[in-house]
Each structure stands twice: as structure tokens, then as C-alpha cells.
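**Student:** Have a look at the structure that comes next, please.
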Amino acid sequence: MKGRKLLMIPGPVEFEPDVLQAMAQPTTSHVAADFVEVFGRVLERVRQVFLCPSGQPFVVAGSGTLAMDMAACNLVEPGDRALVVSTGYFSDRLAAILERYGAQVTVVRAPVGSAPGLDEVEAVLRQGRFKLVTVTQVDTSTGVLADVRGIAALAQRYGALSVVDGVCATAAEECRQEEWGIDICFTASQKAIGTPPGLALLVASPRALEAWRARQAPVANYYADFANWLPIMQAYEARQAAYFATPAVNLIAALDVSLGHILAEGLDARFRRHARIGAACKAGIQALGLAQVAQPAVAAHTMTAPYFPAGIGAEVLKAILDAGVILAGGLHPEIKDRYFRIGHMGSVSDGDILATLGAVERGLAAAGYRFEAGAGVAAAQRELLKGW
Ligand code: PMP
């Protein structure tokens, strides 16, 4: 189709046609038997996708920021100490949210593009008793992939709860919530979950719910309070209708289809597909001579963040758009105007990556950048052909 563009930003992403079709079904009552069945199945599937068989899933209308709010407001009581492992803009947002609920926040950070070492995190944990430790699995402002497994293990060792922001990661980057001892993991529908924006997905471990139940202070957020949502989630999963606030009926129908795709592919296969496609994109960008924000040892598989070449700025994104691909500009305040972002998660295919690099090449050529035509596409193709 002539006017169609390929959406390759770090969320929202391209959605499967049957997911979009599910959204377009006539809206039913949120207490109708057919919807109760769909919502019940969604909750079971969320638990499977998060690899957390004993976890309690919550699916609530709102964006990823609501999921952040939900994690923070239910765990934090005024004066609690929280350690934020920061790898960029979204980690810092979580710190701000924790502070809003009265936490005393300590932030461990690294220079832009790298992640604090486990030894640095441990050194802070040794200094005092923290109620929780948060980490952003992929910080979308830098494309840095954090060692959530290592950080969750440290949190456990020091008696703290662990919270993982999986918004740019869950269902694409390896994360095994239960096995790795993560207490709260959350994401949003529009990323690797593959459903249009509008749903916050969160899974709480039994330990997280225990901590919430043991609170002295009331939860300082009405909409996000587990007390309001827990009975609703339990009822739908038991295939009974319940009401606290109207669920996003059409989005939940779409989520059911998308979660079905994720489980049919299998999580291990999905982690491998993202690793392979991520490597292809990065090889292509490198072959074009563009540096990347994330250090190779901590680079995400769900997105790539290339620096613009010298003398070229964000105007190249318009040329790339004209070549058929929608990419995102920079976000991290320290380097905002110096880089751009490519998302490759969800149902992203080999062809999408080749098309994206082709459009990046055409955009760069239009901006006057000199390179060997096809070098980026060829490098990506070589990567994709490995083990083909
Ligand atoms: N955390 C991360 C890592 C994100 O990438 C985003 C969104 N890009 C958010 C949180 C916030 O999600 P939303 O924009 O859906 O509120």
C-alpha cells in the first residue's frame, strides 16, 4: 500500500492484523459471560508470559507509567528506603514516582550508555536497610540492558523487594520472574506484548503481596491500590464478573489474541528471535559507521540507539520517514539531540530489519552522508543468515 509506513520505534510497535481485528469486535458488557472468559484467560496467560506461576497478575487500563505508579504506591510507605539502579530517563522517572509516595531514594547510576556494576549496587545495599530495589530491564532512553537477574539476587540477599520495569523488555528480553526471585515485574501493552497502547500489566510475587498486606500506612493512590484490584483480578480468573473500574474491554480482547501468539511461539524462541534481530540491526548500524549509545556488553535486543553521524541531526529522521520507516528521536536529556532510536520488538521480522536499514541508508544518503550503499543492509543480512 503506497502510503503505509513501517513503525519501528521503541513502542508502540507494529501489531498483528488479528490483534487489531479483535479490537474492532463489537464492545460487549464488561460483565458478559464471553468477556469474563476472555479476561480470565488473559490473566492466566499473563502469568505464563511473565514466567511467574505463583504470581498475581494485574491488568489495568492505563499506560506503562500507571504500572510504575502501581508498583511504587503499593510497596512504599513514607520513610521507606528505596534503591534505584538507573540506566537512563525511565529509571529516573521511577525514582521520582517513589519519592512522590514518600520513599527516601538512593540512585546508583553509570555514565550514559553503561550500567552500574553489581559490586556498586551491593556496596550501597551494604550501607543500610532498603525496602526495595528497582531496575529498568531496558531503559528506552539509552537502550541499555540491565542485569535484572543479578540485581534481583542481590535484593533478595539483602532482604529487599525487587521491582523490574520491563516496559521495553517483557516478552522479548529473557526474564524469568519466579526463578529469578523478582517481586514485581511490569510492562505496558504497546511494546513486546504486541497490543495497542492502553493497558498496564503487572505481576506481583507472594512476597510483594505480603509486604503490601503488612503496610501500616494507607496506599496513597486510589486507582492503583491493589486493594481495589485484587478482588477483581481474582474474580475474573475464577470466571466471575466483578466491578471496580470499567476494564478496557476491546483492548483486553486484543491482548488475549496477542498473548496467544506469544505463548504459541514460546518464550525461549521469542528471546532468541529478539537476540538475533537485535544483533542484525546493530551490525547494520555499525557497518554504516554510526556509533551506538549502549556499550556492546549491555546493549538491549529490543532496540538500537545510534548516534547521528557528524554534521547530521534529527532532520535525517524525516528523510528516513520519506523512505518508508518511522523511527524515534533521542530522549535522554544529556544527549537528546545527538542520537535516534530504532525499536525492534514484538512481531518484528527479518524483513522489517532489512527494510529499516534500507530506509536508514536512503535517509543518510539524502542528508549527504557518505557510505558504501548497501553496507548496512548487507551486514544485517550476514547476521541474519548465520544459522539460517
Ligand atoms: N518504562 C520504560 C522502560 C519505558 O520505555 C516507558 C515508555 N517508553 C515507560 C516506562 C512508560 O510507559 P508509558 O509511556 O506507556 O507510560
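The values are calculated or read from the model by the stated rules, or taken from the named source; none is laboratory data. This structure is a prediction, so every number in the text was calculated from the model and none was measured. Cβ atoms come from the backbone with ideal geometry, glycine included; neighbour counts cover every protein chain shown.
**Student:** Consider residue 79 carefully, then state whether it is touching a Gly at 6+ places or on another chain (Cβ under 9 Å), over 21 Å from residue 200 (Cβ atoms) and not acidic (Asp, Glu).
**Tutor:** yes
**Student:** I need a count of the residues in the range 183-209 that are assigned to a loop (DSSP other than H, G, I, E, B), away from the ligand (no atom under 15 Å from the Cβ) and either more than 23 Å from residue 153 (Cα to Cα) or touching a helix residue (DSSP H, G or I) at 6+ places or on another chain (Cβ under 9 Å) (or both).
**Tutor:** Count: 1.
**Student:** Residue 71 - would you say it is within 15 Å of the ligand (Cβ to nearest atom), surrounded by fewer than 18 Cβ atoms within 10 Å (Cβ to Cβ) and of a type outside the set (S, T, N, Q)?
**Tutor:** Taking the combined requirement at face value, the residue does not satisfy it.
**Student:** Out of the range 353-374, which residues are in a helix (DSSP H, G or I), closer than 13 Å to residue 321 by Cβ and without any contact (Cβ under 8 Å) to a residue 60 or more places away in the chain?
**Tutor:** Within the range 353-374, 362, 363, 366 meet the criteria.
**Student:** Going by the conditions given, is residue 380 touching a residue at least 60 places away in the same chain (Cβ under 8 Å), within 14 Å of residue 326 (Cα to Cα) and crowded, with 16+ Cβ neighbours inside 10 Å?
**Tutor:** no
**Student:** Also, quick follow-up: Which pairs do you get when a residue that is surrounded by 13 or more Cβ atoms within 10 Å (Cβ to Cβ), found in the range 214-238, comes within reach of a residue that is of a type in the set (Asp, Glu) and at pLDDT 95 or above, reach meaning Cβ atoms under 8 angstrom, with the pair 6+ apart or on two chains?
**Tutor:** Here the result reads 215/77; 219/225; 221/69; 224/69; 237/44, each pair linking the range 214-238 to a residue that is of a type in the set (Asp, Glu) and at pLDDT 95 or above.
**Student:** Could you tell me which of the residues 103, 123 is over 22 Å from the mean Cα position of the chain (by Cα) and within 25 Å of residue 221 (Cα to Cα)?
**Tutor:** 103
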